[in-house]
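Working notes, structure below.
The values are calculated or read from the model by the stated rules, or taken from the named source; none is laboratory data. Please read these numbers as outputs of a predicted model, since none were measured by experiment. Note that we place each Cβ from the backbone using ideal geometry, even for glycine, and neighbour counts take in every protein chain shown. Ligands, DNA and RNA are stripped out before the accessible areas are found, and what is left, the full protein with its side chains, is counted by its heavy atoms. Shrake-Rupley method; radii C 1.70, N 1.55, O 1.52, S 1.80 Å.
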Amino acid sequence: MENLTVLIGLASLMVAVIVVLLYYVSKVTTKVGTFFLYFAFFMMIFMLIGASVYLFSPSETSLGIAVGINMVSMILFLGYFFAVAERLTDKVTFTWYHYYSISLLTVINEGLMGLTFGLAQFGVAPFSSLVSGINESINSYWFFYPMMAEMLSLYLISLSRGRSRIELFPFIGITAFPPVIFQGILIWKYFSIIMDVGLSLFGIYFKGSWRYLYILAAVGSLSALYLPWIFDVAVIAGMVMYYVGVFRTERLSGIR
């Protein structure tokens, strides 16, 4: 099990990289820029998968597998790049496909961060089965707080540019107080449920699809002590909606 300070430093570095990538979604105008945007997200995914393979069973064999996963994925991506390089200078039009695919890649990265850093801190025991592994990866501060930091960073960047979307802010607060983490601390669970229900009620006043998301988040918060998956679904759906909303706003605003 690794030192917590080291893990926090590594997680912070990954968060900073993801924030930079998400920021540049609004600036990419060519296919080559789009390619390297996807390349960076996929390489982080394969890096986290490789690290998780090694952490499940540290050995020379698993280390070789982890390195192999990263090397093969990099070679395949770069091989594709050089095969179509002459066509990648064309302009690109971002559509809903790009918004949602990049949002989903971000969510996958954050879920794998929950797995990888959870393995590094707590060892293999909490991840002994598929169900417990998914549960521990998602219902973890290694999942929620990097995600919250990324969303808050994007919100502050948009705010500094005069593009505030107040309907997004309560969701950041909800991810800051997830009742599904710190399982053994009852006072945290009750406090976070109160906070999340209050933030959800505030969010319900906004029109559109966010209203339904906040209703789901309120239900998920109230049921989190017994059925955490409702809250998890609300958060994952909200993350995708959040990133898609920010991408669309930034690109339509024409900010460069």
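Of 191, 169, 202, 177, all but one fail to be of a type in the set (Phe, Trp, Tyr) and within 29 Å of residue 49 (Cα to Cα); the exception is 177. Might you check whether a residue that is aromatic (Phe, Trp, Tyr), closer than 25 Å to residue 11 by Cβ and in contact with a Lys or Arg (Cβ under 9 Å, 6 or more places away or on another chain) occurs anywhere in region 193-214? Scanning region 193-214 turns up no residue that is aromatic (Phe, Trp, Tyr), closer than 25 Å to residue 11 by Cβ and in contact with a Lys or Arg (Cβ under 9 Å, 6 or more places away or on another chain).
Scanning region 126-169 for residues that are outside any helix (DSSP H, G or I) and in contact with an Asp or Glu (Cβ under 9 Å, 6 or more places away or on another chain) turns up 139, 161, 163. Restricting attention to region 82-99, and to residues there that are aromatic (Phe, Trp, Tyr) and open to solvent by 100 Å² or more (accessible area, probe 1.4 Å), which single residue is modelled with the lowest pLDDT? Selected residue: 82. Which of the residues belonging to region 167-191 are touching a residue at least 12 places away in the same chain (Cβ under 8 Å) and farther than 14 Å from residue 139 by Cα? Matches in region 167-191: 167, 168, 169, 170, 171, 172, 173, 191. For region 12-25, the criterion of being outside any helix (DSSP H, G or I), closer than 25 Å to residue 91 by Cα and over 13 Å from the mean Cα position of the chain (by Cα) is met by at least one residue.
When 215, 204, 193, 236 are checked against the criterion of being surrounded by 14 or more Cβ atoms within 10 Å (Cβ to Cβ), at pLDDT 85 or above and either within 19 Å of the chain's Cα centre (by Cα) or of a type in the set (Lys, Arg) (or both), 236 stands alone in meeting it. Residue 47 meets all of the listed conditions (1) closer than 30 Å to residue 160 by Cα; (2) touching a residue at least 12 places away in the same chain (Cβ under 8 Å); (3) within 21 Å of the chain's Cα centre (by Cα) but one, namely (1).
Quick one: in region 218-233, of everything that is in contact with a helix residue (DSSP H, G or I) (Cβ under 9 Å, 6 or more places away or on another chain) and not in a helix (DSSP H, G or I), which residue is surrounded by the most Cβ atoms within 10 Å (Cβ to Cβ)?
Taking region 218-233 and keeping what is in contact with a helix residue (DSSP H, G or I) (Cβ under 9 Å, 6 or more places away or on another chain), we get 218-225, 227-233.
Narrowing further to those that are not in a helix (DSSP H, G or I): 223-225, 227.
Values: 223: 15, 224: 21, 225: 14, 227: 12.
Residue satisfying both the conditions and the ranking: 224.
Is there a residue in region 147-163 that is among the basic types (Lys, Arg), open to solvent by 20 Å² or more (accessible area, probe 1.4 Å) and in contact (Cβ under 8 Å) with a residue 40 or more places away in the chain? Checked against the condition, which is being among the basic types (Lys, Arg), open to solvent by 20 Å² or more (accessible area, probe 1.4 Å) and in contact (Cβ under 8 Å) with a residue 40 or more places away in the chain, region 147-163 yields at least one hit.
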